[in-house]
Amino acid sequence: MRKIIIAGNWKMNKIFPEAEDFFMDIAEYIENKKLGNVEVVICPPSVYLEMAGDITADHQLFIGAQNVSRFESGAYTGELSALMFNSMELDYCIIGHSERRKYFAETDKSINEKLKILQENEIIPIVCIGETLNERESGITEKIVLNQLEGAFRDVQINDDVVIAYEPVWAIGTGVTATPQQAQEIHYLIRNWFVDKYSKEVAENIPILYGGSMKPENIKELLSQQDIDGGLIGGASLDISKFSEMIDIAVEL
Ligand code: PEP
């Protein structure tokens with residue numbers, strides 16, 4: 001059975017005491033819960049990773065970064081390496097988020113380099129892909145998503161965990177959510193791409209998360225789709241009551 005991942009992407013939000021309170025509260029909230037095949041991941045700003053790791057060490061919580069350098073180490077001021085994350089025993093790292101593609105010139109080539117460096121350092125990549133509104137309205141959603149997959153997975157072997165997040169850019173932070181049918185259609189396309197490129201077994205094991213204004217009101221319907229294996233949640237993951245409600249809904253499904 002594929003795992004279901006409920007992942008929060010905090011982006012550049014929360015000051016230290018707020019972040020600390022959140023981690024203590026969520027750790028306590030899920031302490032004695034039976035999560036079954038649901039895995040809870042939080043990706044705070046990187047300056048909070050150590051604190052988050054300390055608080056959640058003995059809890060059923062996984063921590064991820066929001067980005068990683070494509071370089072190994074050295075004179076790259078301001079960058080954080082996969083080796084550093086590995087030395088902190090970090091579990092996950094988001095790469096290719098549309099905000100990084102838009103504001104920080106992230107390309108399929110750099111995402112491909114980041115994917116490989118994360119694999120070398122045993123950190124599970126959460127690879128984000130998705131079309132813009134303009135691309136959807138031009139009828140090229142499938143072409144865009146498949147091109148992004150081709151670019152990100154060029155010369156990549158899959159022997160360990162990899163997670164995909166399908167995030168239609170027009171649904172991120174806008175309050176507009178893809179309908180469950182729209183999302184399922186693309187998730188199915190993505191899974192089939194993995195069947196063709198790798199194998200049925202690889203494709204069956206890859207969690208494909210949906211991202212884009214996911215919230216307690218729509219998570220159940222989205223997760224009920226055959227190929228939607230969780231969510232990468234931005235805005236609603238900042239609110240502990242909404243985030244914990246979404247964990248509970250996923251567990252009950
Ligand atoms: C995201 O940042 O990945 C995201 C999906 O944001 P939101 O849930 O706020 O749309």
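The values are calculated or read from the model by the stated rules, or taken from the named source; none is laboratory data. In this text, all values refer to a predicted model and were calculated from it rather than measured experimentally. Ideal geometry is used to build each Cβ from the backbone, glycine not excepted, and the neighbour counts take in all protein chains shown.
Exactly one of (1) within 13 Å of the ligand (Cβ to nearest atom); (2) in contact with a Lys or Arg (Cβ under 9 Å, 6 or more places away or on another chain) is unmet by GLU217. Its number?
Condition (2) is where GLU217 drops out.
For the structure I just gave you, tell me whether ILE190 is crowded, with 17+ Cβ neighbours inside 10 Å, away from the ligand (no atom under 14 Å from the Cβ) and at pLDDT 95 or above.
Answer is yes for this residue.
Scan segment 50-68 residue by residue and report those that are of a type outside the set (A, V, I, L, M, F, W, C), within 22 Å of ASN13 (Cβ to Cβ) and either under 18 Å from the mean Cα position of the chain (by Cα) or surrounded by 15 or more Cβ atoms within 10 Å (Cβ to Cβ) (or both). Walk me through it before giving the result.
If we filter segment 50-68 for residues that are of a type outside the set (A, V, I, L, M, F, W, C), which is where we start, we get 50, 53-54, 56, 58-60, 64, 66-67.
Of the ones still in play, those that are also within 22 Å of ASN13 (Cβ to Cβ) are 50, 53-54, 56, 59, 64, 66-67.
Those that are of a type outside the set (A, V, I, L, M, F, W, C), within 22 Å of ASN13 (Cβ to Cβ) and either under 18 Å from the mean Cα position of the chain (by Cα) or surrounded by 15 or more Cβ atoms within 10 Å (Cβ to Cβ) (or both): GLY53, THR56, HIS59, GLY64, GLN66, ASN67.
How about segment 141-176: which of its residues are outside any helix (DSSP H, G or I), more than 14 Å from the ligand (Cβ to nearest atom) and surrounded by 15 or more Cβ atoms within 10 Å (Cβ to Cβ)?
Applying the first criterion (outside any helix (DSSP H, G or I)) to segment 141-176 yields 153-168, 172-176.
Add one more test, that the residue is more than 14 Å from the ligand (Cβ to nearest atom), and what stays is 153-162.
Within segment 141-176, PHE153, VAL156, ILE158, ASP161, VAL162 meet the criteria.
Consider segment 108-134. How many of its residues are in contact (Cβ under 8 Å) with a residue 12 or more places away in the chain, more than 16 Å from the ligand (Cβ to nearest atom) and not aliphatic (A, V, I, L, M)?
Final tally of qualifying residues: 11.
Which of the following residues is within 23 Å of SER98 (Cβ to Cβ) and more than 10 Å from the ligand (Cβ to nearest atom): ILE208, ILE233?
On the way: ILE233 fails: more than 10 Å from the ligand (Cβ to nearest atom).
Checking each option against the conditions leaves just ILE208.
Restricting the first residue to segment 1-12 and requiring it to be more than 20 Å from GLY173 (Cα to Cα) and in contact (Cβ under 8 Å) with a residue 40 or more places away in the chain, which pairs with a second residue that is among the polar types (S, T, N, Q) and surrounded by fewer than 18 Cβ atoms within 10 Å (Cβ to Cβ) meet a Cβ separation below 7 Å and a spacing of at least six or different chains?
From segment 1-12, the pairs are ARG2/ASN205; LYS3/ASN37; ILE4/ASN37.
Give the number of residues within segment 207-229 that are touching a helix residue (DSSP H, G or I) at 6+ places or on another chain (Cβ under 6 Å) and part of a loop (DSSP other than H, G, I, E, B).
Summing the residues that are touching a helix residue (DSSP H, G or I) at 6+ places or on another chain (Cβ under 6 Å) and part of a loop (DSSP other than H, G, I, E, B) in segment 207-229 gives 7.
Scan (1) in contact with a helix residue (DSSP H, G or I) (Cβ under 9 Å, 6 or more places away or on another chain); (2) outside any loop (DSSP other than H, G, I, E, B) for the single condition SER69 breaks and write down its number.
(2)
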